[in-house]
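Notes to accompany the following structure.
Any read-out appearing in this document is the output of simple, stated calculations on the displayed coordinates, not a laboratory observation. All figures in this text were calculated on a predicted structure; none of them were measured in a lab. Backbone-built Cβ (ideal geometry, glycine too); neighbour counts: all protein chains shown.
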Amino acid sequence: MAAVRYDSFSQFYPYYLSQHEHRLCRRAHFLGTSSAVAGIAQCVATADPWWLLLAVVTGYGGAWLGHFAFEKNRPATFDYPWYSFRADWVMYWEMLTGKLSW
C-alpha cells in the first residue's frame, strides 16, 4: 500500500497527474480509454457482453502499457482503485478538451 492516504479526490488528482508525466504514458491512457468507450458503445449497440470484456482489457491494458513501458512506475489503480478510475476519466476529458497535452 502507498504510504500517503488521500482523503479526497481533489487531494489525489495532483498525485495522479504526477504519475503520468511521460507523454507516451498519457497517450497510451487516452487510446486505451477511447477503445474502452468504443467497446462499451458496441456492447450497448449489439447486446454482446464480449464487447464489455474487450472494453475492460483495452482500457486497463493501455494504461498499464503506459506505466510499465514508458512511465516506469506502478499504476495508481493498485493503491487507489476508485480515485484512479475517476482520475482517468478526468485526465481523458482534459486531454480531449486541450487542457492537458497528450
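Just so you know, the Cα atoms of the chain work out to an Rg and Dmax of 13.9, 44 Å. Membrane-span-like helices in the chain: DSSP H runs reaching 24 Å or more (Cα, own axis), mean Kyte hydropathy at least -1.0? Qualifying helices: 23-46.
Put a dot 7 Å past the Cα of residue 78, heading toward its Cβ, do the same for residue 11, and the two dots end up 2.3 nm apart.
For the residues 46, 58, 77, a GNM of the chain with alpha-carbon springs under 10 Å puts the largest fluctuation on 46. Using just its DSSP H runs of length 4 or more, each adding -39500 (n - 2.57), the chain gives a mean residue ellipticity at 222 nm of -21500 deg cm²/dmol after division by all residues.
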